[in-house]
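A.B. asks: A single structure is presented below for examination.
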Amino acid sequence: YMLETWEHESKMAFVKNPHHFDAKNVKIDRVEAVMVVEDSTAFAMYENGELDVQAPPSADLDRIKADPVLSKELYIAPNLCTYYYGFNVSKPPMDNVKLRLALSYAIDRQKLIDTVLKGGQLPAKSFACPGIFGGVAEDPNFVGVSYDPAKAKQLLAESGYTGNPPITLMFNTSEGHKNIAEFVQQSWKDTLGLDIQLANQEWAVYLKTVNEDAPDTV
């Protein structure tokens, strides 16, 4: 397909590319993609017949699975990706490896999936997800970093971190990202007794912030 029009932060339109080697077998002449920030708004448009396909918000998955119509339309496909949080290791307190490990061990990834995401995701035990050639994610003998609250507390104590300087968990504006961040915030409070600040920014601002704060070397 070729880009026909692009209305920034609104929609894009694509038309069939006549120069594509198999153009005669491309059955759809035109594709329109809308840009909607909130998943709930986009899914409401899907239910209203305004969109042909849309990823559902995790908060609606229980309702969708119980609905006789929507449950038949729901399709959960493998996705070659890993959802992760990055640390700015050039600044305290995240230059402390034991603190970083404590925060990771304090997250119950399976509980996050069962109570927030609800889409059949797999808890990550390595950075490379299943399906990546040479990765260890599918190795039954590889443990990686998993949920271990006792180890998290031990590492926090060894790190010497008591809450200063404060930690801010930042995410780009999205209902889904917000729900995950709130779960992680509560996990760190319940397991480690740490009060973590949350901050969200629009995507362009978020990228600028990340790029400006990124260390020269990692």
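The values are calculated or read from the model by the stated rules, or taken from the named source; none is laboratory data. Small disclaimer: the values here were computed from a predicted structure and weren't measured. All Cβ positions, even for glycine, are placed from backbone atoms using ideal geometry, and neighbour counts span all protein chains on display. With ligands, DNA and RNA removed, areas are computed over all heavy atoms of the protein, side chains included. Shrake-Rupley method; radii C 1.70, N 1.55, O 1.52, S 1.80 Å.
A.B. asks: Compute the angle between helix 149-159 and the longest alpha-carbon principal axis of the chain, please, reported from 0 to 90 degrees and rounded to the nearest 10.
C.D. replies: Helix 149-159 sits roughly 60 degrees off the main axis of the chain.
A.B. asks: Would you please classify the overall shape of the range 128-204 from the alpha carbon gyration tensor, given that a ≥ b ≥ c denote the square roots of the eigenvalues, rounded means a/c under 1.5, and beyond that prolate means a/b larger than b/c while oblate covers the rest?
C.D. replies: oblate
A.B. asks: Can you give me the convex hull volume of the Cα atoms of the range 162-206, divided per residue and expressed in Å³?
C.D. replies: Spelled out: Cα convex hull of the range 162-206, divided by residues, is 47 Å³.
A.B. asks: If packing is taken as the average count of other Cβ atoms within 10 Å, what order do 178-189, 113-124 fall into, highest mean first?
C.D. replies: Peptide ranking by packing, descending: 178-189, 113-124.
A.B. asks: Mind pulling the angle between the C-alpha long axis of helix 203-213 and the longest principal axis of the chain? Nearest 10 degrees, somewhere in 0 to 90.
C.D. replies: Approximately 40 degrees, to the nearest 10.
A.B. asks: Hey, rough spin-label estimate for ALA44 and ASP95, points 7 angstrom out along Cα→Cβ, what's it come to in nanometres?
C.D. replies: With each label placed 7 Å out from Cα toward Cβ, I get 4.7 nm.
A.B. asks: Here's another thing I want to ask about it. Mind putting a number on the dipole of the chain about its Cα centre? Charges go on the C-beta only, +1 for Lys and Arg and -1 for Asp and Glu, and I need it in Debye to the nearest 20.
C.D. replies: Dipole size: approximately 600 debye.
A.B. asks: Kindly identify the range 1-76 as rounded, prolate or oblate by the Cα gyration tensor criterion: order the square roots of the eigenvalues as a ≥ b ≥ c, call it rounded if a/c is under 1.5, otherwise compare a/b with b/c, prolate if a/b is larger, else oblate.
C.D. replies: Oblate is the answer for the range 1-76, as a/c is 1.5 or above yet b/c matches or exceeds a/b.
A.B. asks: What residues from the range 107-136 fall in the zone where the backbone N is under 14 Å from a label point 7 Å along the Cα-to-C-beta line of PHE142?
C.D. replies: Those under the cut-off are 123-136.
A.B. asks: Mind ranking TYR147, TYR1 by accessible surface for me, highest first, 1.4 Å probe?
C.D. replies: TYR1, TYR147
A.B. asks: Also: Which of (1) 19.0, 59; (2) 16.9, 54; (3) 21.1, 66 is the computed Rg and Dmax of the Cα atoms in Å for the structure on display?
C.D. replies: (3)
A.B. asks: Moving on. Want the number for LYS153 to LYS208: 0.36 nm per residue separation, take away the alpha-carbon distance, what's left?
C.D. replies: Full-extension gain reported as 16.4 nm.
A.B. asks: Another question, then. Could you give the nm distance between label points at LEU198 and TYR85, where each point is 7 Å from its Cα heading toward the beta carbon?
C.D. replies: Going from the LEU198 label point to the TYR85 one covers 1.1 nm.
A.B. asks: Can you give me the long-range amide H partners of LEU169? Hydrogens built in the peptide plane at 1.01 Å from N, cutoff under 5 Å, separation of 5 or more residues or another chain.
C.D. replies: Amide H neighbours of LEU169, under 5 Å, 5+ apart: GLN197, LEU198, ALA199.
A.B. asks: When the solvent-accessible surface of protein heavy atoms is calculated with a 1.4 angstrom probe, in what order do ARG30, ARG109 fall, highest first?
C.D. replies: So the residues, ranked largest to smallest area, are ARG30, ARG109.
A.B. asks: Okay, moving on. Could you point to the residue in ALA42, ILE28, LEU61 farthest towards the positive end of the range 1-103's charge dipole, with +1 and -1 charges on the Cβ of Lys/Arg and Asp/Glu respectively?
C.D. replies: Highest projection toward the positive end goes to LEU61.
A.B. asks: Continuing with the same structure: Near LYS98, which aspartates and glutamates are there with a Cα under 19 Å away, not counting those fewer than 8 places off in the same chain?
C.D. replies: ASP108, ASP148, GLU158, ASP190, ASP195
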